Amino acid sequence: MPERIHEVTAFLAEVLTPRAPLTVIVDGGDHGAAARFAARLAEAFPPSARAWTVDAVLGLSGPSGGRSDSALNVLEPAADRVFVYLRGRSTANGEGERRAQVVIDHHDPQWPVIRHVHPRLADRERWYLAESRAFFAVRAAGWDRKFGDDLPAYAMAVETAAPRPGDLALDVGCGTGRALPALAAAVGPGGRVLGLDLTPAMLRAARDAGRDEVADLVIADARRLPVPDAAAGVVFAAGLVHHLPSPSAGLTELARVTRPGGKLLIFHPTGRAALAARHGRKLGPDETLDREILTPLLAGAGWHLTRYEDQEDHFLALAERIRAQ
Ligand SMILES: C[S@@+](CC[C@H](N)C(=O)[O-])C[C@H]1O[C@@H](n2cnc3c(N)ncnc32)[C@H](O)[C@@H]1O
């Protein structure tokens, strides 16, 4: 299997080579990681590009480890300059990220994962699937060990969505399937539950946990669900919506597969502020799940928000599929 670092640097080299001559500046990461990453990136450029099309690949590190005064903040952006920012433990909320055209999750230097590429450099479709899968695949096996005691919260959330006996219930971005037993109990033997997820490793973990006994597990992208129009009574989406490249397009697709009057439950077993703090961030004003942002986003996608709770120990937004006029 190719090294992950190689997959990432080869992709960046492929995207950046045609744009040369170019200076690529890498910043962020922990303990000299930027310089090491820059060296690997330089190696990934084809020899011809190394000889004349790429001026330099520099590894810089901000005075405070990139946290508040990243090198990227003092350099001027320019058409022939690309900023690459590594998110690491000491740079998780790094300000340098704001001006980077490429952001890489670098918490595990053995497993870097691309989290953002400016659309002018590469269409998201070229990297989104592979990198999302890479991000979640390494987390799949330990997911339930890490978060397993949240199960009662999932049962409570399913109760809020109130699936009807006989319904088709979807858990989109089901991960290891923590909501599936509660969904299956609610729809009963006459109903059906589908757990859909992009990451095969997550569905394998769901199967290993025996959740294939209560639901069908399907590899699928939330942006193009293999489900007919208006088929579902309830759609459950825990920890999914803010991961989608276009939340509005994702919510529209969830609306397509839901019957009029059907429910969508957006859930997380941790409140938004607590979750941001866990990731070393503060909540910003422009977050998708902020009530002021989510309400019109849902309305534009065919949903009416009926309940919104953002507490220390959970987040939930319940919406109803708007009936056709
Ligand atoms: C934060 S995890 C939550 C997993 C699970 N719902 C839970 O609450 O334990 C997000 C899940 O969404 C999946 N995912 C991310 N983007 C997706 C997409 N476009 N389509 C389907 N699943 C996606 C990931 O593979 C991952 O399993």
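The values are calculated or read from the model by the stated rules, or taken from the named source; none is laboratory data. Given the structure is predicted, the values throughout are model-derived calculations rather than measurements. Ideal geometry is used to build each Cβ from the backbone, glycine not excepted, and the neighbour counts take in all protein chains shown. All accessible areas refer to the heavy atoms of the entire protein, side chains included, with ligands and DNA or RNA removed. Shrake-Rupley method; radii C 1.70, N 1.55, O 1.52, S 1.80 Å.
In table form, for the structure just shown:
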| read-out | value |
| --- | --- |
| Of all residues in segment 221-245 being more than 21 Å from Ala157 (Cβ to Cβ) and within 10 Å of the ligand (Cβ to nearest atom), the one that is most open to solvent (accessible area, probe 1.4 Å) | Arg224 |
| Qualifying residue in segment 274-289 (condition: more than 15 Å from the ligand (Cβ to nearest atom) and in a strand (DSSP E or B)) | no |
| Enumeration of residues in segment 16-69 that are closer than 16 Å to Ala100 by Cβ, modelled with pLDDT of 75 or more, among the small types (Gly, Ala, Ser) and not in a helix (DSSP H, G or I) | Gly28, Gly29 |
| Residue among Ala184, Ala205, Ala201, Ala157 that is closer than 21 Å to Leu264 by Cα, open to solvent by less than 40 Å² (accessible area, probe 1.4 Å), near the ligand (Cβ under 10 Å from one of its atoms) and at pLDDT 95 or above | Ala157 |
| Residue among Ala249, Ala232, Ala301 that alone is in contact with an Asp or Glu (Cβ under 8 Å, 6 or more places away or on another chain) and under 28 Å from Leu129 (Cβ atoms) | Ala232 |
| Filtered residues of segment 160-181 (kept if near the ligand (Cβ under 8 Å from one of its atoms) and on the phi < 0 side of the Ramachandran plot) | Asp171, Val172, Cys174, Thr176, Arg178, Ala179 |
| Where a residue in segment 1-26 is of a type in the set (Phe, Trp, Tyr) and its partner, wherever it lies, is open to solvent by 20 Å² or more (accessible area, probe 1.4 Å), with Cβ under 9 Å and at least six apart | Phe11/Ala44; Phe11/Arg126; Phe11/Ala130 |
| Single residue of segment 122-143 satisfying the filter (outside any loop (DSSP other than H, G, I, E, B), of a type outside the set (Gly, Ala, Ser) and touching a helix residue (DSSP H, G or I) at 6+ places or on another chain (Cβ under 7 Å)) that is nearest to Gly88 (Cα to Cα) | Phe136 |
| Near pairs, Cβ below 8 angstrom, 6+ apart or cross-chain, from segment 196-213 (of a type in the set (Lys, Arg)) to any residue that is open to solvent by less than 30 Å² (accessible area, probe 1.4 Å) | Arg204/Ala140; Arg211/Thr176; Arg211/Gly177; Arg211/Leu180; Arg211/Gly195 |
| Matching residues, segment 294-320, being open to solvent by less than 70 Å² (accessible area, probe 1.4 Å), touching a residue at least 40 places away in the same chain (Cβ under 8 Å) and touching a strand residue (DSSP E or B) at 6+ places or on another chain (Cβ under 8 Å) | Leu298, Gly302, Trp303, His314, Phe315, Leu316, Ala317, Leu318, Ala319, Glu320 |
| Criterion: open to solvent by 70 Å² or more (accessible area, probe 1.4 Å), more than 26 Å from Phe136 (Cα to Cα) and more than 22 Å from the chain's Cα centre (by Cα) - qualifying residue of Arg323, Arg291 | Arg323 |
| Yes/no for Pro119 being part of a loop (DSSP other than H, G, I, E, B), away from the ligand (no atom under 12 Å from the Cβ) and of a type outside the set (Lys, Arg) | yes |
| Test: Asp212 is away from the ligand (no atom under 12 Å from the Cβ) and out of contact with any Ser or Thr (no Cβ under 6 Å at 6 or more places or on another chain) | yes |
